[in-house]
């Protein structure tokens with residue numbers, strides 16, 4: 001299991017907005033960024049170097065093994081909140097790591113730290129499809145198309161998200177984290193977004209801490 005050294009470093013969660021002023025001003029003590037486990041798109045890209053065109057790619061058997069390993073590693077961490085993107089590989093990872101966690105952290109779905117859309121696997125699914133697969137999670141705050149949709153689609157049917165838009169999301173996500181009242185937060189997300197957030201490109205199920 002890869003664990004990086006600490007890096008450098010709206011929302012729809014009404015609980016955070018309604019928190020007392022003194023709590024909202026208190027940034028989380030520890031933020032742990034966790035990249036999702038290996039996906040089918042990761043395998044295809046590694047084998048061919050080409051975009052396999054697999055929308056909302058799921059975990060492989062190896063990715064599920066990585067998630068079980070991460071769950072064992074993090075079992076004794078007292079997490080209060082887990083933030084996961086609506087991409088299926090992130091949801092699978094978050095649920096696999098934290099569904100049976102002794103601290104029983106709350107799991108919130110947040111699209112702000114979704115992956116940069118630059119391949120087919122980064123195209124998501126509408127909330128109605130997600131809730132059918134994950135009925136215990138709340139997707140009501142998501143737009144019908146919560147991934148990047150601007151511009152003329154390319155040959156594979158999507159438009160690459162401009163880097164400046166990704167960096168805007170990084171800034172917004174940092175502000176969102178700083179406003180959270182929880183002290184121990186896990187963020188389950190994606191390689192490229194985490195690279196722009198932390199300066200570290202994490203392997204599948206790799207982790208790095210951000211200290212607020």
Query raised in the report: For region 171-192, what are the residues that are assigned to a helix (DSSP H, G or I) and within 12 Å of residue 83 (Cβ to Cβ)?
Result: 173, 176, 177
Query raised in the report: So which of 144, 164 ends up being farther than 20 Å from residue 83 by Cβ, more than 16 Å from the chain's Cα centre (by Cα), in a loop (DSSP other than H, G, I, E, B) and modelled with pLDDT of 95 or more?
Result: 144
Query raised in the report: Which ranges mark the helices (runs of 4 or more DSSP H) fully within region 7-105 that have 1 or more residues being modelled with pLDDT of 95 or more, out of contact with any strand residue (DSSP E or B) (no Cβ under 7 Å at 6 or more places or on another chain) and surrounded by 17 or more Cβ atoms within 10 Å (Cβ to Cβ)?
Result: 61-73, 88-98
Report task. Evaluate region 185-193: report whether one residue or more is farther than 26 Å from residue 61 by Cβ, surrounded by 19 or more Cβ atoms within 10 Å (Cβ to Cβ) and at pLDDT 95 or above. Result -> yes
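The values are calculated or read from the model by the stated rules, or taken from the named source; none is laboratory data. It should be emphasised that the depicted structure is a prediction, and the values quoted were computed from it without experimental measurement. Ideal geometry is used to build each Cβ from the backbone, glycine not excepted, and the neighbour counts take in all protein chains shown.
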